[in-house]
Structure formats: C-alpha cells, structure tokens
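Beneath this line is the structure, given in structure tokens, with notes to follow.
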Amino acid sequence: MTSRKAVRPQADGLSLYLERRRKLVEQALTRAVPTASVRPATIHKAMRYSLLAGGKRLRPILTLAAAEACGAKDLQNILPAACAAELIHTYSLIHDDLPCMDDDDLRRGRPTSHKVFGEGVAVLAGDALLTRAFSLLAQVTPAKRYPLSLLLEETADAAGSLQLIAGQVADLEAEGKKLTISEVRFIHERKTAAMIVLSLRLGAMIAGASPGQLKALTEFGQALGLAFQIQDDILDVTATSQQLGKSAGKDLKASKATYPAVMGLAASHKEAAKQTRAALRALDPLGARGERLRELGESLLKRQG
Ligand code: GRG
C-alpha cells in the first residue's frame, strides 16, 4: 500500500525564503535581550513585549538578503546586525506611540507599550532597545573593507538627529500644516528610508560588498524606503486596523503629512509604483544575485498590511 503524505499548498520561492529567514530572525531576537527573569523584570518584560510581538521583520530580512546578495555564507555573523536594526526600529515604534508623540494605543496587533507598562517604562524600554542594538552590533566580525567603527557610526547616524529623529521632528512639526510634496518626501526619506538603507548596508558591509554592490543596495534602499512609506500612507486610508495591526485612518484625523493628503490616492499609487521600479532598476548591477531582493521589492508594493 502506498502511503499518502498530507498535501501542502506549494509555497512559492519568496514565501519559503521569507518564512525561513523570519524563523532565523525570531530565534535570534529571542536571545537578543535579557529574559523577564533578569532583574529588573519590568524593563525586560517591556522590551520583549514589543520586540517579540511579531512585526513583519522587514529590516532584519533586508540585512540578511543584502548580505546573501553580496555572497555571505555565514548568516550567524549577520544576525546580530539584523537584530540591531529591528531593535532600533522597535524602539522608534514604542516612542512614536507615546502620548507626547503620535499617541496610539494599538501596535503590532497589541495594546502599545505605555498602555501596558506606563509611560515611564515605555520610554525606558525604547531607550534600552536602542542601546542594546549597539552592543549586538559590536558582536559582529566585520569584513576587512568595513571596520566595526564604521558599522557603529553608520548605525548611530541613521538613528540620529540627521535621519530617523530628523524625520520624526519634521513630522511632529508638520501636523496640521499644508506641506509640499518635497517636504513630505524629506520626512519619509528620514523617518522610514534611512533605517531601510541602513539595514541593507549593514548586511552588505559585513559581507564585504564591493563598492559597486554597496552603491546599488544603497540606491535600492532609498527608493524602496520611499515606496514602502507611500504604501504605508495609502494603507492608512484603505486598510483596516485589523489588517495593519495598528490604528487605521489616523493620518487623516491628525492631519499628518502623507502622500495621499498632498497628491490624492490615485497619484500616490502611481508614485509608489514609480519608486518601486526605480528600486528594482537600482539592483541591475547585482545581476542574478539581486533576484531575491527584486522579488521582495515587488511584493512590498502588493502588501495589504
Ligand atoms: C520616535 C525617533 C522616533 C522615530 C519614530 C517609526 C517612526 C519614527 C514612526 C512610526 C510611524 C511611521 C509611519 C513610521 C515610518 C516607518 C514605518 C512604516 C514603520 C512601520 O514599519 P513596519 O510596517 O512595522 O515595518 P512592523 O510592525 O511590521 O515592523
């Protein structure tokens, strides 16, 4: 008698890749911060609550994929940097949700950190994730071409007052004002694209990328980051809170600086597609090695959450 195995739906190459890389990232993130049994328990509980709440893990997957596109074989050496990017991203989400910033009570499908732990612990959980990111990064064995000091400096700069924080400040100051599209783009490049570019560059640099590869991945990240944030703006209007795992429709209510607010939905869709095309073109110098990133870039334009 022939045994019949349960028939599983055929996962396509990208889905399988994402599933495998996500698993690696989740395992590494679990080990990346102290457990709640380490004193003081509250801060470690709060760090883990937000970090292990199951985001898309886009940034760490980009770090891994960029490293692989540049020929990395040992992903264990890339993972600390991939986790560092996710820790910084999670810190920024916790702080962004605070009442003094975007004031939100839903994130990654759960009540936000300050709703569960109070504002003081939420601020500290963000601080602790940000600082832990740098000690993780220090675990990497760097390639000859890109010393650890450079990785640390680029990371600090991307999270600092010229990039991530610049975007957040400009975003706060824009509330209720009518902005031009170039002002909205200024915000998006800093608030979103800078961390996406950093995630790619860290992977590429640790893998010892050639200058041409690093340039291609940087340009890919700039355009992809912009496309990703325009899509995020669109989804705020078109998706539900359940699909997003965060409050939908907030940007409009708070008169936020978004692409749909300035140019309307139809033109925003076109702009997201245009930036995605630019991102894919930027990968040309990588040839076949850029295929995974190409697929990933295309899939982000179709995302619903
Ligand atoms: C507080 C310094 C500081 C910065 C905050 C992250 C941020 C800047 C604001 C949050 C709101 C927002 C629209 C940020 C842009 C980046 C972005 C699209 C974040 C959400 O990223 P996803 O969709 O989230 O990758 P998950 O939860 O999947 O990781």
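Each of 78, 88, 148 was scored by the projection of its Cα onto the charge dipole of the stretch 28-160, and the greatest displacement toward the positive side belongs to 78; charges sit on the C-beta of Lys, Arg, Asp and Glu. For residue 33, the accessible area of its heavy atoms, probed at 1.4 Å with every protein chain present, is near 10 square angstrom. In this structure, the pairs whose alpha-carbon distance is over 30 Å, taken from 45/177; 45/73; 115/270; 23/246, are 45/177; 45/73; 115/270.
For the stretch 171-283, a crude dipole built from +1 on the beta carbon of Lys and Arg and -1 on the beta carbon of Asp and Glu, taken about the Cα centre, is about 180 debye to the nearest 20. Rounded to the nearest 20, the Cβ-based charge dipole of the chain about its Cα centre (Lys and Arg +1, Asp and Glu -1) stands at 1160 debye.
If r is the Cβ-Cβ distance from residue 14 to residue 100 and R0 is 22 Å, what FRET efficiency results, to the nearest 0.05?
Details: r = 39 Å, r/R0 = 1.78.
Using R0 = 22 Å, I get an efficiency of 0.05.
Sort 205, 263 by heavy-atom solvent-accessible area, probe 1.4 angstrom, most to least.
On the way: 205 0, 263 65 Å².
The most accessible residue leads, giving 263, 205.
For the stretch 85-183, the gyration tensor built on C-alpha atoms gives an oblate shape. Its axis ratio a/c (a ≥ b ≥ c) is at least 1.5, and a/b is not larger than b/c.
The values are calculated or read from the model by the stated rules, or taken from the named source; none is laboratory data. These figures come from a predicted structure and were not determined experimentally. Don't worry about glycine lacking a Cβ; one is built from the backbone with ideal geometry, like all the others, and counts go over all protein chains shown. Accessible surface is based on the protein model in full, side chains and every heavy atom, while ligands, DNA and RNA are left aside. Shrake-Rupley method; radii C 1.70, N 1.55, O 1.52, S 1.80 Å.
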